[in-house]
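Student: First, the structure itself, so that you have it in front of you.
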Amino acid sequence: MTPDGRDFALAFSRALGKVVVHVHGALDAGTAQELKHRLVDVIEGQGNRQVVLDLRRTTSVDAAGLSVLVDALKCMQRNGGELVLNAPTTGVARAIRAAGLDRDFLVTPGWQHPSYGDGRGESDRASVRRAGADGTT
């Protein structure tokens, strides 16, 4: 929960050598700095080169949130890493497209931790796709 009472949470896990950052709630001017600080630590502080941002429970994103995503992508590219956006909600995918960023990010349709479902996950490069015009992949 944010200081102003809004629901926002970040949860971290590891799967198949990747750091998975689960973003819950609105990614906006009031919450973006928290994600930014945590991503700087994960990428630059800890040296992780494969990060998945799980956006299945991200309710919305504004310009401040998009800026954090772009900064994280640039940081990963400078460090030879990969940032993947997992299953953004329709509203988040729409905001990414509206900002013209849909060609910049790798988007997966529904990456899963290998302990879920059949255990195969969907993180292999072959299943990574760009966001479609309707928010699907």
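The values are calculated or read from the model by the stated rules, or taken from the named source; none is laboratory data. Please read these numbers as outputs of a predicted model, since none were measured by experiment. All Cβ positions, even for glycine, are placed from backbone atoms using ideal geometry, and neighbour counts span all protein chains on display.
Student: Kindly list the number of the only condition in (1) surrounded by 14 or more Cβ atoms within 10 Å (Cβ to Cβ); (2) closer than 18 Å to V70 by Cβ that fails for A15.
Tutor: (2)
Student: Sticking with this structure for a sec: Within the range 20-34, identify whether any single residue is out of contact with any Ser or Thr (no Cβ under 9 Å at 6 or more places or on another chain) and at pLDDT 95 or above, and answer yes or no.
Tutor: Within the range 20-34, one or more residues are out of contact with any Ser or Thr (no Cβ under 9 Å at 6 or more places or on another chain) and at pLDDT 95 or above.
Student: To continue, here is another question. Restricting to the range 68-112, name every residue that is surrounded by 15 or more Cβ atoms within 10 Å (Cβ to Cβ) and small (G, A, S).
Tutor: A72, G81, A87, A93, A95, A99 - these are the residues of the range 68-112 that are surrounded by 15 or more Cβ atoms within 10 Å (Cβ to Cβ) and small (G, A, S).
Student: Being modelled with pLDDT under 95, out of contact with any helix residue (DSSP H, G or I) (no Cβ under 8 Å at 6 or more places or on another chain), among the charged types (D, E, K, R) and in a helix (DSSP H, G or I): is that true of R97 here?
Tutor: Answer is yes for this residue.
Student: If you go through the range 48-58 one residue at a time, do you hit one that is in contact (Cβ under 8 Å) with a residue 60 or more places away in the chain, surrounded by 14 or more Cβ atoms within 10 Å (Cβ to Cβ), touching a strand residue (DSSP E or B) at 6+ places or on another chain (Cβ under 9 Å) and within 19 Å of V107 (Cβ to Cβ)?
Tutor: Checking the range 48-58: at least one residue is in contact (Cβ under 8 Å) with a residue 60 or more places away in the chain, surrounded by 14 or more Cβ atoms within 10 Å (Cβ to Cβ), touching a strand residue (DSSP E or B) at 6+ places or on another chain (Cβ under 9 Å) and within 19 Å of V107 (Cβ to Cβ).
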